[in-house]
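Asker: For reference, the structure I am asking about is given below.
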Amino acid sequence: MSPARVAVLAAVMGALTGFAAGWLAGPGREPVTLAEAGAARAAFQALPGPETGATGASAAPAPPAARLALAGGGPVDLGALLRAPLSELRSSLLTALRHRSEGGWLYARALARQCSALEMIAMREQLMPATFQPVVDMNQPGVQRAQAIRDQLSAGCSQLQPDELREAMNVPPGAVDPLIAVMDRPARPGSAEARERLTAILARPDPLMLAELGPGLLAREGESLVFDGKRIDGDERLLLEGAAMLLPCSLGLVCDGRDVIVWGPCLTDGVCEASSREEAVMNSLQAGEHPERRAAVLAWVERLRAAVVAPDVGRFLRPPG
Amino acid sequence: MTLAFPRLTRLPRGLTRGITRGLLALGAAALATAAAAAPWTLSGSLGTHDPNIYKTSTTWWIFETTDNNGIGVKFSNDGHAWTQGVPIFGSGLSWWQQYVAAGKPAQVWAPGCGEWGSMGYCYYAVSSFGSQKSAIGLTTSAGGIAAGKWVDQGAVITSAPGDNFNAIDPALARTTGGSPYLVYGSFWNGIFIRPVSSTTLKPSGTPVNIARDTANGIENGFVISHATNGTTWYYLFASKGACCKGANSTYRIVVGRSSSITGPYTDKSGVAMMSGGGTVLASSGSRFKGPGGQSLLADGSVMAWHAYDAQNNGAPVLFINNVTWGSDGWPQAVW
């Protein structure tokens, strides 16, 4: 693959990552059908109690991180807050904020970011002349799905007070949320602190946290990523980055057509072909035209998932020297 | 901006903070001398570093560097009398901790703020002195700057040791067609420009290196378009030399232009800005040293910058002046 091609793909991946970082956690999503995700689900099915989505939709088995005990003894299912009806977004967000000491702030922020994303879309429509707006065919299923999401989100977000939005999104230093605390822990690459941080991440591999980390879960060495003691460069790096974006789906984060990575580009740029995060990522990697690339990405997903589930910190660390 | 590696020491930044606070406490009277030397007569809160000027319908704004958390804000009704506002995220944000030394307050550098449609935005950098471990953050405010509803959008560009750039000194630019770009970079190969999404204001394309100066360093890029005699050019304003050394600073403001927002930019003598070019618009005077950290109104009519007062312990002070454009399409010196 030419350097130019690599650069273009990198840009696409960056754009998708941008959507992911800002607008994670779509509503009531079903699990992405990653071919290699079965083992992950089996691993989590051994844990107590299935996760109960508020919509009653078939949900991914809850990873241990998303199922916590309340101080009062009742369970709080953070993952379910992401699957609750969008019309109840405010209730979900406030519930998450009440449980910030258990990781709820991360979830509240993800919910709030959807509302912020809507504001940005409205801003763009106001700003851009009609000639710059994407041309969309309302007969496309992807367009209809995205518009439905937008309508539902608008209804849910309109109930949110500005102060509530800010409280959810602006996380100050020293936040009590353990997931955010571990993500934001300072750690010089290759240092003992970096190992401790990674150990803490893998001790509670929350799917939403892994989604926010994305390829940032992997150690870097110059322009390379490192996994299993090897430097991953060039096109292979792009495939690995794509796999890192799909990793949380294999661990329980639902990533279907309601994923912002799917509907976001549809609403903003008229890119509505994908119906799941997997398709969106694969399309960005030209995997539709090249089945071997798709297989390579899925193989990376499985390797990452295995290392996370084990957990095997050493596979993520840079080799000594 | 900024706290440049490797030529600078940490000392001037601490000095800067203390002096800036002192100036704020002393108020307008203590600044009368500085204001008199400024191209515009200014008053009020004039201690600043890396001032980013922006004008909404009724208010002038300055967004500025702080080294004690938050994005500094000043405002004015007329662009002359300035009031210090409440910093944005004055208590800091959790994720900033990744980019500063443990236990230290975040240094928030060289914000680039304005309004995009109805949305207020601020890009800013979080880093530590002489470090390439940096991040450009984004915050937005629905309803505009004055609404003050700033919400954290997280880091949009980060850099780490080994990268070919440093993620600091952000500024939004736009093409004449309305497409947004982010200008950023400092040492480690100078200034870059990269398209950003018109919806999320987050990067959506690959970066292009548009200015480099291996001898002096170049940073704080700021791009606007301007038409003269029917010809539109993109102008890249930047700061060269050493900032942050008080009266010993050697910062100077330079400019180059291009027919494309992504370059190549050349100076008035035809020297490429990727090869150290840059026509000087402002350099050290007898009292005020190291002008830099510049920004302009989008129409190119007004420039703001800081310079260090050699008669006041090198305190960085705000300057504002009109920009005069020559018939050759080049901006004239601003002081």
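The numbers here are math on the coordinates, done by the rules we state, and not lab data. The model shown is predicted, which means the values in this text are computed figures rather than measured ones. For neighbour counting, all protein chains shown are included, and Cβ atoms are generated from backbone atoms with ideal geometry for every residue, glycine included.
Asker: For A:Phe227, list long-range residues whose amide hydrogen, built 1.01 Å from N in the peptide plane, is under 5 Å from its own amide hydrogen.
Answerer: A:Ile232
Asker: So how much slack lies between B:Ala81 and B:Thr232, counting 0.36 nm per residue of separation and subtracting their Cα-Cα distance, in nm?
Answerer: Working: separation 151, 0.36 × 151 = 54.36 nm, distance 3.32 nm.
Length gained between B:Ala81 and B:Thr232: 51.0 nm.
Asker: If you average the sequence gap of Cα pairs under 8 Å that are 6 or more apart and divide by the length of chain B, what percent do you get for the contact order? It would help to have the intermediate numbers written out before the result.
Answerer: Working: 970 pairs, mean separation 50.1, N = 335.
The value is 15 percent.
Asker: Which ordering of B:Asp50, A:Asp151, B:Asp328 is given by a fewest-first count of other beta-carbon atoms within 10 Å? Each step should come with its number before you reach the end.
Answerer: On the way: B:Asp50 32, A:Asp151 12, B:Asp328 9.
With the sparsest Cβ surroundings first, the list reads B:Asp328, A:Asp151, B:Asp50.
Asker: Further question: For the range A:83-242, restrict the atom set to alpha-carbon positions and state the Rg and Dmax in Å.
Answerer: For the range A:83-242, the Cα-based Rg and Dmax read 19.3, 55 Å.
Asker: Here's another thing I want to ask about it. Within 10 Å of each Cβ of A:115-128, how many other protein chain Cβ atoms are there on average? Don't skip to the end; give the middle numbers.
Answerer: Working: counts 2, 7, 3, 1, 8, 13, 2, 5, 13, 9, 2, 3, 9, 5.
The shielding value for this peptide is 6.
Asker: Note the full-extension length gain between B:Thr175 and B:Ala215 as 0.36 nm times their separation in residues minus their Cα-Cα distance, in nm to one decimal. Could the numbers behind the result be given before it?
Answerer: Details: separation 40, 0.36 × 40 = 14.40 nm, distance 3.02 nm.
Residue separation times 0.36 nm, minus the Cα-Cα distance, leaves 11.4 nm.
Asker: Each residue of the range B:93-109 in order: what ³J(HN,Hα) in whole Hz does its phi give by Karplus 6.51 cos²θ - 1.76 cosθ + 1.60, θ = phi - 60°, with x for Gly and Pro?
Answerer: Coupling constants for the range B:93-109: 10, 4, 5, 4, 4, 5, 10, 10, 5, 4, x, 9, x, 6, 9, 10, 10 Hz.
Asker: Moving on. Rounded to the nearest Å, what's the spacing between the alpha carbon centres of the range B:113-132 and the range B:211-287? Just the number, please.
Answerer: If you average the Cα positions of each part, the centres end up 20 Å apart.
Asker: What distance in nm lies between label points placed 7 Å from Cα along the C-beta direction at B:Asp328 and A:Asp312?
Answerer: Using points 7 Å along Cα→Cβ, the separation is 6.6 nm.
Asker: Let me ask you something else. Per DSSP H run of at least 4 residues, take -39500 (n - 2.57); add these up for chain B, divide by its residues and hand me the 222 nm value, nearest 500 deg cm²/dmol. Walk me through the intermediate numbers first.
Answerer: Values: 2 runs with 22 residues, N = 335.
Calculated at 222 nm, the ellipticity per residue is -2000 deg cm²/dmol.
Asker: Would you mind ranking B:His226, A:His290 by Cβ crowding within 10 Å, fewest neighbours first?
Answerer: Working: B:His226 20, A:His290 12.
Fewest-to-most ranking of B:His226, A:His290: A:His290, B:His226.
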